[in-house]
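The values are calculated or read from the model by the stated rules, or taken from the named source; none is laboratory data. Quick caveat: nothing in here was measured; it's all calculated off a predicted structure. Don't worry about glycine lacking a Cβ; one is built from the backbone with ideal geometry, like all the others, and counts go over all protein chains shown. Side chains included, ligands, DNA and RNA excluded: accessible areas come from the protein's heavy atoms. Shrake-Rupley method; radii C 1.70, N 1.55, O 1.52, S 1.80 Å.
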Amino acid sequence: MEPKHCCGVFEGGGVKGIGLVGAVKGIEEEGYKFDNVAGTSAGAIVASLIAVGYTGDEIKEEMMKLDFQKLQENDALTRFGLVGKSLKFLLKHGIFKADYLENWLENLYSRKGRTRFRDIIREDAPHERYKYRFQAIASDLSESSMLVLPRDLRQFGIDPDGFRISKAVRMSMSIPIFYEPFVLTDTDGRKHVIVDGGLLSNYPLWLLDSKSSQSLCPTLGFCFCSSDSVTSVDPLSVDYKPVTSVVGFTKAMVRTALDARDKHYISVAKGDYQRTIAISPHIIINGKEKTVSTVQFDITTDERIALFQNGVKSAKKFCRAWSFDTWKKRHWR
């Protein structure tokens with residue numbers, strides 16, 4: 001049977017990314033094949049692995065083996081608790097290094113023989129925006145601007161074709177405060193501080209849109225819902241959290257920065273809600289319901305499996321109701 005082609009856009013979500021992998025597995029089982037993919041942060045990790053040739057099953061295998069605890073790389077300063085971490089932030093603008101994750105990705109790309117963007121150029125691309133099979137979103141704090149990688153590397157005098165995919169993903173997943181930012185130097189010698197793309201677009205569903213009613217390939221979105229129950233999944237539902245402390249206030253600011261813009265975009269964009277596969281971060285372990293958080297680095301094997309299965313189920317449910325032809329008639333008139 002001929003595969004059904006699609007483009008995929010993946011939301012950032014930190015540790016929850018295993019849920020995205022489950023949805024990839026579910027979509028593949030329904031006969032879909034990805035032509036182009038894009039994502040932010042954890043979504044960029046999953047999308048990049050698809051672009052270099054990994055299947056959902058293969059990504060799951062690697063995610064199950066990944067030591068998430070090592071994503072919090074300690075050094076001489078951070079080993080001294082809160083004082084050391086505070087000093088590290090003041091000196092480096094981030095507590096942890098991301099070398100472990102970058103090296104992990106570089107190794108995975110190497111196995112497929114695709115480590116640079118020239119290796120994932122799509123020769124049959126119908127438009128320049130689809131030249132690279134994978135694109136990622138990052139945030140340039142120095143210019144308060146969004147970067148679409150690899151294409152925006154040209155403004156730094158960098159040839160996108162020769163740039164390492166792992167470096168682009170490293171930029172996209174640099175959670176502010178948590179990770180040291182990535183620094184790019186432009187052609188004038190000015191240093192740009194690059195952090196997590198989620199600050200400006202955590203769910204860049206717009207990035208691969210064709211806007212042509214004649215398009216033969218739908219762009220599908222993969223994001224996490226904020227429902228209060230695993231039986232009620234709505235990607236636009238309101239996730240109320242009271243703000244009653246300084247810590248809560250800080251978390252609320254970060255959460256709003258990551259989610260508000262994209263929630264607004266989906267709510268007003270034509271048909272985006274209908275082409276979104278919503279994955280619940282709520283899981284049931286030993287009869288008890290819990291929610292997997294973005295930075296839950298102590299996630300257990302059982303929790304990973306449960307979150308993965310949430311993704312599979314969400315994709316299957318979506319496919320039972322989805323029709324690209326019907327969607328186009330309703331939203332591309």
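I want to confirm something. Restricting to segment 167-211 and keeping residues that are in a helix (DSSP H, G or I) and hydroxyl-bearing (S, T, Y), which single residue is nearest to L71 (Cα to Cα)? By that ranking, first place goes to S172.
Taking segment 167-179 as the search range and keeping residues that are under 16 Å from K92 (Cβ atoms) and within 17 Å of the chain's Cα centre (by Cα), which one is surrounded by the fewest Cβ atoms within 10 Å (Cβ to Cβ)? Taking the candidates together, the pick is P176. Inspection of segment 34-41 finds no residue satisfying the criterion of being assigned to a helix (DSSP H, G or I) and open to solvent by 10 Å² or more (accessible area, probe 1.4 Å).
Per the listing V295, V268, the residue uniquely among the hydrophobic types (A, V, I, L, M, F, W, C), modelled with pLDDT under 85, under 23 Å from L220 (Cα atoms) and open to solvent by 20 Å² or more (accessible area, probe 1.4 Å) is V268.
Between D75, D67, D57, the distinction of being open to solvent by 10 Å² or more (accessible area, probe 1.4 Å), of a type outside the set (S, T, N, Q), at pLDDT 90 or above and over 16 Å from V169 (Cα atoms) belongs to D57 only.
Restricting to segment 125-166, and then to whatever is over 15 Å from A38 (Cα atoms) and in a helix (DSSP H, G or I), can you tell me which residue is most open to solvent (accessible area, probe 1.4 Å)? Looking at the filtered set, the residue picked out is R154. Of all residues in segment 180-209 being modelled with pLDDT under 85 and open to solvent by less than 20 Å² (accessible area, probe 1.4 Å), which is farthest from the chain's Cα centre (by Cα)? Checking each candidate, the answer is D209. Residue-level check: of (1) surrounded by fewer than 24 Cβ atoms within 10 Å (Cβ to Cβ); (2) not in a strand (DSSP E or B), L20 misses just (1).
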